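See structure below.
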Amino acid sequence: MSMLRKAPYLGQGKIMLGSWGKAIAALVGVALVCFQGGLALAAGGPAPLLDGHFSFDGPIGKFDQAALQRGYKVYAEVCSACHSMNLLSYRNLAQKDGPFYNPKYPNPNESPYAKAIAASIKVPDIDSDTGDTIQRPATPADHFLSPWKNDAAAAASNGGAIPPDLSVIVKAREGGADYVYSLLQGYDDPPAGLTVPDGKYYNKYFAVDISSFWKGPPNKVPPGGFIAMPFQLLPDRVSFDDGTKATTDQEAHDVATFLAWASDPKQIERKETGIAVMIYLILFAGVVYLSYRRIWRNVAH
């Protein structure tokens, strides 16, 4: 009798299991559709970054001082019109491994290069006698002069967008120097079907979701995004003192090198210290091993 009672219950269980299976399958199907839809909307993204083949790449890489000097000139004559570098002082340019370092002047405050660069720039100050606002020549100890009095002034002059400070921009962006190098060359005509908002520019290396401005297939959103900064590095925009031809690629490469140094000015010193420590540890490990063999050579293991 109990067997007969259990049979219908098992049958109902199978029916219930089938219902649950269908429900689960339906939920999985909905999830897959949503996931695929998300992928379609997320299609695009930034284009693969260009490889700058920078001299400072790798554990033994070093900064090319000539490239640093050219990069500083690009920043000073082009980028500094909009972008600040508030974490740098003019004396930093003459410190060890910097653009204008000279071993004759181990103290960067005494470097004639740092003094000359600083003296060519006027910075606001207060007259100690009258209390009036004045303009004086900068000194090596002064921070880089900001192009804006405050963020409100920066936003008002750039359509509401505040140009980012470039002091640590290479450390702050995924891709580092390759990102800066690529972004500065990534301006292009927008693909057909992509509407660029007023005051923005299409850049294939700028990571912003542009799917809502795309009229083509959802799974074929073009790479890149819209940036507020217009294209800057025209050929021969600057004149390099060493005679290097100022192509867009060269200007982008050199200013990315300079910004990489600015973001991590102790990078080379840290690499050299790391290599010395690794050599020491390898030698120390060898000494420890030989000592172990000598001390325990007559002891049965």
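If you check 274, 224, which single one turns out to be over 22 Å from residue 178 (Cα atoms), within 28 Å of the chain's Cα centre (by Cα) and not hydrophobic (A, V, I, L, M, F, W, C)?
Only one candidate passes the filter, namely 274.
So residue 183 passes all but one of these: (1) touching an Asp or Glu at 6+ places or on another chain (Cβ under 8 Å); (2) modelled with pLDDT of 95 or more; (3) not small (Gly, Ala, Ser). Which condition number does it fail?
Of everything listed in (1) touching an Asp or Glu at 6+ places or on another chain (Cβ under 8 Å); (2) modelled with pLDDT of 95 or more; (3) not small (Gly, Ala, Ser), residue 183 misses just condition (1).
Residue-wise test of (1) farther than 26 Å from residue 237 by Cβ; (2) among the hydrophobic types (A, V, I, L, M, F, W, C).
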{"position": "93", "(1), (2)": "no, yes"}
{"position": "104", "(1), (2)": "yes, no"}
{"position": "110", "(1), (2)": "yes, no"}
{"position": "115", "(1), (2)": "yes, no"}
{"position": "118", "(1), (2)": "no, yes"}
{"position": "133", "(1), (2)": "yes, no"}
{"position": "143", "(1), (2)": "no, no"}
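For the structure I just gave you, tell me whether residue 251 is closer than 18 Å to residue 74 by Cβ and either under 16 Å from the mean Cα position of the chain (by Cα) or touching a residue at least 60 places away in the same chain (Cβ under 8 Å) (or both).
In short, yes.
What are the residues in the stretch 73-125 that are part of a helix (DSSP H, G or I), surrounded by fewer than 17 Cβ atoms within 10 Å (Cβ to Cβ) and either in contact with a helix residue (DSSP H, G or I) (Cβ under 7 Å, 6 or more places away or on another chain) or among the acidic types (Asp, Glu) (or both), if any?
Result: 77, 109, 110.
Assess whether residue 162 counts as being under 19 Å from the mean Cα position of the chain (by Cα) and at pLDDT below 95.
In short, yes.
Can we say residue 238 is buried (at least 18 other Cβ atoms within 10 Å of the Cβ), in a loop (DSSP other than H, G, I, E, B) and among the β-branched types (Val, Ile, Thr)?
In short, yes.
Which condition breaks for residue 202 when tested against (1) at negative phi; (2) loosely packed, with under 12 Cβ neighbours inside 10 Å; (3) in contact (Cβ under 8 Å) with a residue 24 or more places away in the chain?
Failed condition: (2).
The values are calculated or read from the model by the stated rules, or taken from the named source; none is laboratory data. Fair warning: this is a prediction, and the values are worked out from it, not measured in the lab. All Cβ positions, glycine included, derive from the backbone under ideal geometry; neighbour counts span all protein chains shown.
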